[in-house]
């Protein structure tokens with residue numbers, strides 16, 4: 001399709017949107033978030049009483065001193081700065097760093113998405129037990145994916161099998177895979193199943209499907225030979241595989257064998273389409289005057305093969321995103337104090353959790369007044 005709606009995430013216009021979004025985040029970070037952090041880290045002192053009038057929360061006391069205030073602020077986690085008779089305290093600077101971490105995380109996620117679209121590929125293979133294959137059936141590939149497609153190693157399917165439930169349904173299917181070099185020497189081996197893939201050199205092999213590749217049979221005392229089985233079209237989504245077994249040397253007569261799984265019964269039909277008999281793997285029946293023995297069925301494993309060089313960046317980005325969101329919830333609180341003659345001024349502000357900060361500041365004032373009362377009347 002012209003707009004690539006069948007593969008949106010790798011189209012040029014989608015990648016252009018990601019670049020545009022990333023550029024916008026970068027500009028916002030340098031023009032707004034970093035200056036806000038720089039301003040939050042810069043301490044400033046209020047040296048005039050009128051400056052406290054600008055604060056939403058402020059108080060003027062007829063007594064008080066910085067020496068009594070400092071331990072109250074330290075106990076609540078504030079960092080203190082002193083200059084003559086003025087004090088500045090702050091806490092929660094992580095709340096200002098959080099948005100920057102969020103932006104950096106989103107940029108990493110965008111970079112990972114672009115890297116995966118340009119340098120990754122997706123393939124599918126259906127391989128019979130005992131066969132060795134190289135990745136060839138590429139469904140999607142980015143323009144830089146050529147170096148990720150395996151060329152100097154292959155994968156051998158040592159064995160494929162299925163576990164069934166007591167009522168005959170598929171419980172789980174497994175593939176015993178080996179990564180081999182061009183000489184056929186095993187490099188890595190692993191048994192995979194759904195949600196437990198094989199990973200090697202940035203390429204991941206997922207277990208996604210299964211089928212019946214062939215059947216091994218014997219006629220009377222003939223050598224055992226193998227015939228391919230093909231999946232047949234059916235109604236209702238049922239899966240069925242079939243093959244034709246010749247029963248005469250000139251191939252003029254034979255029977256059809258149908259199977260729906262690797263453990264169940266095979267149904268035998270003649271050339272007229274009439275059911276002749278049924279047989280299980282390992283069993284034998286008489287057809288057309290000969291003994292047909294079914295040795296076993298050969299399963300095939302369906303593998304989805306994927307390489308995405310952007311995955312580490314995406315995972316790192318999501319980790320930083322969660323960290324940045326948590327950091328952003330921290331309130332950046334600031335408190336100013338000024339001791340001028342017999343007057344004491346105290347005020348503060350915060351960027352969120354206003355009620356909590358108001359209660360904290362009122363608690364500091366109550367403690368401060370209590371300490372001053374004790375100093376004024378030691379017997380109290």
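No lab work stands behind these numbers, since they all come straight from the coordinates. Here the structure is a predicted model, which means the values were calculated and not measured. Backbone-built Cβ (ideal geometry, glycine too); neighbour counts: all protein chains shown.
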Under a crude label model (7 Å from the Cα following the beta-carbon direction), how far is residue 238 from residue 369 in nanometres? 8.6
Going by alpha carbons, how many degrees (0 to 90, nearest 10) lie between the helix axis of 311-328 and the longest principal axis of the chain? 30
How tilted is helix 12-28 with respect to the longest principal axis of the chain? Cα atoms for both, answer in degrees (0 to 90, nearest 10). 20
For the chain, longest principal axis from Cα atoms; helix 94-119 axis from its Cα atoms; angle between them, nearest 10 degrees, is 20
Ranked from highest to lowest mean number of other Cβ atoms within 10 Å per residue, what is the order of the peptides 221-227, 298-304? 298-304, 221-227
Over the chain, the sum of -39500 (n - 2.57) across DSSP H runs of at least four, divided by residue number and rounded to 500 deg cm²/dmol, gives at 222 nm -9000 deg cm²/dmol
Which whole-angstrom value gives the distance between the alpha carbon centres of region 312-336 and region 105-120? 20
With a cut-off of 8 Å between alpha carbons and a minimum separation of six or more residues, what is the relative contact order of the chain in percent? 24
Euclidean distance between Cα centres, region 39-53 to region 223-283, Å: 89
Of 117, 353, 128, which is the most mobile in a GNM of the chain whose springs link Cα atoms less than 10 angstrom apart? 353
Percent relative contact order of region 1-93, based on C-alpha pairs within less than 8 angstrom and at least six residues apart? 22
Considering the chain as a Gaussian network with a 10 Å cut-off on Cα pairs, which listed residue, 246, 99, 281, attains the greatest mean-square fluctuation? 246
By count of other Cβ within 10 Å, fewest leading, how are 271, 204 ordered? 271, 204
Highest GNM mean-square fluctuation, the chain, Cα pairs closer than 10 Å: which of 129, 252, 24? 252
